[in-house]
Amino acid sequence: MIRKSLKKSLHLRRLEAAVRRVHASFPNKHLIEFDLSKFESGYKGEKSLEYYFSFLDETAYDILFNVRLPCKGYYFQIDAAIITSNFVILLDSKHISGDISFEHNHHQLVRKFKDEYTTYSDPIEQGERHSFQFQKWLKDHGFPPVPVFSKVVVTNLNSRIIVPPQDYKYKRKIENSVIKSTQIVERVNGYNKSLRREYLSEIDRSRLINTLIQHHTPSDTNILQIFKIPKELILTGVHCPSCHHIPMIKFRNYWLCTKCGCKSADAFKESVLDYALLCGPQITNKQLRKYLNISRSRSFTILRSMNLTSIGTTRDRVYIIPLED
Ligand SMILES: [Zn+2]
């Protein structure tokens, strides 16, 4: 069964917030939009895996989406892990359209789409590194060694995988390591039939899942720094939860969007989250007033209604906006 479900990563949510909130006059706004479209496409690919996982026997497999683990001062990110008592499969999802060629000699993957070429680092090599890091991580956390396989899953079913015909050894490697999403069930069930030895007891397996969830470390990116966005270019006011127009107008019991007519009693909640995604999770009453263009008393009402944890005394109280990942 799915033990860690798929959610939008904090980085993707930060990019969404930046596209909503950064003023159109920012010269590099198109770069943020471009990055957002890449991450959205990746998320769409991962989302499509959920469908294929539903064909696996729920009792035999534990599945964790998006686990980022520390290893020797670095982090490695697994899109999805399928865990059984006999083996582990790490999946790296690639939502790429067009013709995909693997170039062993240059350690790269080349995508040809509408006569344009894009180069990526070789995901098979990355998968091998992840398997190695995962095995090291298992050892460091006191788990018995278990066979770990990595697969690159091409989730865009319209793309064409091109294998170099001359290099037989590499050709076999690609056929073994790169699969379309439609092959997941067949491959996993194949391993299940051939690998009968149990490496992880029920207790070990359950502890492994809990330890992975505990050690998952969301990446702490700062979008304002990455794109060099001045804070003054962040739009202030409550945004419409439906069409993202800024600002909504406050009436006695609700906020109104003058663009799409959406009415919402708690539209401010998403805007407060945007603040945390872009500027960090701490906010004072004064900062919230300025950010949402509201009065001091309304700001207090909002902070109270969100049940936020706070630190400090009344004058310099700081509220913490939780950002789940
Ligand atoms: Zn609207």
When every residue in region 199-225 that is loosely packed, with under 12 Cβ neighbours inside 10 Å and over 25 Å from the mean Cα position of the chain (by Cα) is compared, the one farthest from the ligand (Cβ to nearest atom) is Ser201
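Results for (1) in contact with a strand residue (DSSP E or B) (Cβ under 9 Å, 6 or more places away or on another chain); (2) under 30 Å from His216 (Cα atoms); (3) surrounded by 17 or more Cβ atoms within 10 Å (Cβ to Cβ); (4) modelled with pLDDT of 95 or more, shown as yes or no for each residue.
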{"site": "Phe268", "(1), (2), (3), (4)": "yes, yes, yes, yes"}
{"site": "Leu277", "(1), (2), (3), (4)": "no, yes, yes, yes"}
{"site": "Thr313", "(1), (2), (3), (4)": "no, no, no, no"}
{"site": "Asp316", "(1), (2), (3), (4)": "yes, no, no, no"}
Filter result for Val153 (under 21 Å from the mean Cα position of the chain (by Cα), β-branched (Val, Ile, Thr) and at pLDDT 95 or above) = yes
Restricting the search to region 140-196, which residues are without any contact (Cβ under 8 Å) to a residue 60 or more places away in the chain, in a loop (DSSP other than H, G, I, E, B) and of a type in the set (A, V, I, L, M, F, W, C)?
-> Leu157
Inspect all residues belonging to region 50-63 and state whether any of them is in a loop (DSSP other than H, G, I, E, B), touching a residue at least 24 places away in the same chain (Cβ under 8 Å) and of a type in the set (Val, Ile, Thr).
-> yes
Which one is nearest to Asn66 (Cα to Cα), of the residues in region 103-150 that are of a type in the set (Asp, Glu) and within 25 Å of the chain's Cα centre (by Cα)?
-> Glu128
Within the bounds of region 234-255, is there any residue that is surrounded by 17 or more Cβ atoms within 10 Å (Cβ to Cβ), farther than 25 Å from Leu12 by Cα and either in the same structural domain as Phe149 (by TED's automatic domain parsing) or more than 28 Å from the chain's Cα centre (by Cα) (or both)?
-> yes
Considering each of Lys193, Lys259, Lys228 in turn, give the residue that is away from the ligand (no atom under 15 Å from the Cβ) and over 30 Å from Pro147 (Cβ atoms).
-> Lys228
Flagged in region 86-99 as within 23 Å of the chain's Cα centre (by Cα) and either aliphatic (A, V, I, L, M) or surrounded by 19 or more Cβ atoms within 10 Å (Cβ to Cβ) (or both), in numbering order, are Val88, Ile89, Leu90, Leu91, Asp92, Ser93, Lys94, His95, Ile96
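The values are calculated or read from the model by the stated rules, or taken from the named source; none is laboratory data. Since the model is a prediction, treat every value here as computed from it, not as a measurement. A quick note on method: Cβ atoms are made from the backbone with ideal geometry, for glycine too, and the neighbour counts reach across all protein chains shown.
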